[in-house]
Amino acid sequence: MLHAFEHAATPGSPLDSGTRFKEGHMLATWNHGLVSNAEGWRLMQQGGTALDAVVEGTALVESDPNGASVGLGGRPDRSGKVTLDACVMGPDGNAGGVCFMEDIEHPVKVARAVMEETPHVLLAGEGAREFAISRGFKTTNLLTEDSRKAWEDWKQSAEYKPIINVENHDTIGMIAQDLEGNLAGACTTSGLAFKLRGRVGDSPIIGAGLFVDNEFGACTATGLGEAVMRTVGSFLVVELIRQGQTPQEACEEAVRRIASAMPTDDLQVGYLAMDTRGNAGAFAIHPGFNYVRTIAGSATLVDGTALR
Ligand code: SD4
């Protein structure tokens, strides 16, 4: 088996820094990554782990009532209920998630508790909610006035059509490498607006919305979860990195895999990945997918490239 230090990204490629960033490396989807990465970076410089960074960073975004696709203020399902999905994965290969969970503002923190305090990986629905309450999480009404109005408007047509790049502000997926060189990731969402009740997307599913292999790399996904789940996207990206591709090459191949399996006119998916050597990659089906990269304390909002 290759060891991380033997696993070179394509030597000389523009993304190959050849070595990891000693102060850490952080990527998050969409422009709310500016908020999550600032918090994650702050924690890591104070000795926090990559896992602390991704959980606390994404939790801040969950609390923003103006984010229509994550946590508080997330758009409800077609019955008017906000149901949340999230997962985390740490450097030791352990993982935890919750899906179809109501009334709890921080699914990403509950996912961490599932990982650290139970022998399980995924808790769903009422069971996830009860577990959260048993661990001291408070219940909150997650349906904001804005979301309620949007739902009332939607009911006029009740058209069910997932929209590409909703306000450039969607599911947050965050991956990080800490000062020790360890990787972790988190992904949290309210899923598709006005989804069928009970629908769960890729975001809480390990291997689909998120995957971390501490020796090689990490990936997270955003976009139409059904396409990511059908192709086990984040696992695929990390596996390709493991086999020697750069994160950019791996994200591109995973997007092409979707395009070869299904029509993509109305379908958006974006992948965001890093390896252990300081390389980053991002690729989407359609333009419009952006992400935030933080290196040396400085965050950059980057427009990802796309297939079409
Ligand atoms: C889902 N992947 O529930 C999520 C939604 C999303 O950008 O990421 N939108 O399918």
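The values are calculated or read from the model by the stated rules, or taken from the named source; none is laboratory data. Remember, predicted model here, so these are calculated numbers, not experimental data. With ideal geometry, Cβ positions are generated from the backbone for all residues, glycine too; neighbour counts draw on all protein chains shown.
I'm trying to understand the selection: among the residues of region 242-267, which are modelled with pLDDT under 95, in contact with a helix residue (DSSP H, G or I) (Cβ under 9 Å, 6 or more places away or on another chain) and either surrounded by 24 or more Cβ atoms within 10 Å (Cβ to Cβ) or not aliphatic (A, V, I, L, M) (or both)?
If the condition is that a residue be modelled with pLDDT under 95, in contact with a helix residue (DSSP H, G or I) (Cβ under 9 Å, 6 or more places away or on another chain) and either surrounded by 24 or more Cβ atoms within 10 Å (Cβ to Cβ) or not aliphatic (A, V, I, L, M) (or both), then Thr264 is the only one that fits.
What single numbered condition from (1) surrounded by 19 or more Cβ atoms within 10 Å (Cβ to Cβ); (2) in contact with a Leu (Cβ under 7 Å, 6 or more places away or on another chain); (3) of a type in the set (Lys, Arg) fails to hold for Arg78?
(1)
Taking only pairs six or more apart or across chains, which ones have beta-carbon atoms under 6 Å, a first residue in region 106-131 that is in contact (Cβ under 8 Å) with a residue 24 or more places away in the chain, and a second residue that is among the polar types (S, T, N, Q) and outside any helix (DSSP H, G or I)?
Pro107/Thr188; Val108/Thr188; Met115/Asn94
Give the residues of region 224-267 that are within 15 Å of Gly304 (Cβ to Cβ) and touching an Asp or Glu at 6+ places or on another chain (Cβ under 9 Å), sorted by residue number.
Result: Gly233, Val237, Thr246, Pro247, Ala250.
Checking the condition surrounded by fewer than 20 Cβ atoms within 10 Å (Cβ to Cβ), on the phi > 0 side of the Ramachandran plot and more than 14 Å from the ligand (Cβ to nearest atom), which residue from Gly198, Gly136 passes? Before the answer, list the steps.
Values: Gly198 fails: more than 14 Å from the ligand (Cβ to nearest atom).
Checking each option against the conditions leaves just Gly136.
Say we look at region 210-263 and pick out the residues that are closer than 17 Å to Ile175 by Cα and among the acidic types (Asp, Glu); which of these is farthest from the ligand (Cβ to nearest atom)?
Glu215
Considering only helices (runs of 4 or more DSSP H) fully contained in region 210-308, which possess at least 2 residues that are over 29 Å from Phe100 (Cβ atoms)?
Numbers: elements: 225-230, 233-242, 247-261.
Result: 233-242, 247-261.
Among the listed residues Ala193, Ala186, which satisfies the condition of being hydrophobic (A, V, I, L, M, F, W, C), under 19 Å from Gly33 (Cβ atoms) and in contact (Cβ under 8 Å) with a residue 24 or more places away in the chain?
Answer to the check: Ala186.
For region 84-130, give me each residue that is in contact with a Ser or Thr (Cβ under 7 Å, 6 or more places away or on another chain) and either hydroxyl-bearing (Ser, Thr, Tyr) or assigned to a helix (DSSP H, G or I) (or both).
Pro107, Val108
Which ones in region 291-302 are touching a helix residue (DSSP H, G or I) at 6+ places or on another chain (Cβ under 7 Å) and modelled with pLDDT of 95 or more? Before the answer, list the steps.
So in region 291-302, the residues touching a helix residue (DSSP H, G or I) at 6+ places or on another chain (Cβ under 7 Å) come out as 291-292, 294, 297, 299, 301.
Once the filter is applied, which keeps residues that are touching a helix residue (DSSP H, G or I) at 6+ places or on another chain (Cβ under 7 Å) and modelled with pLDDT of 95 or more, region 291-302 yields Tyr291, Val292, Thr294, Ala299, Leu301.
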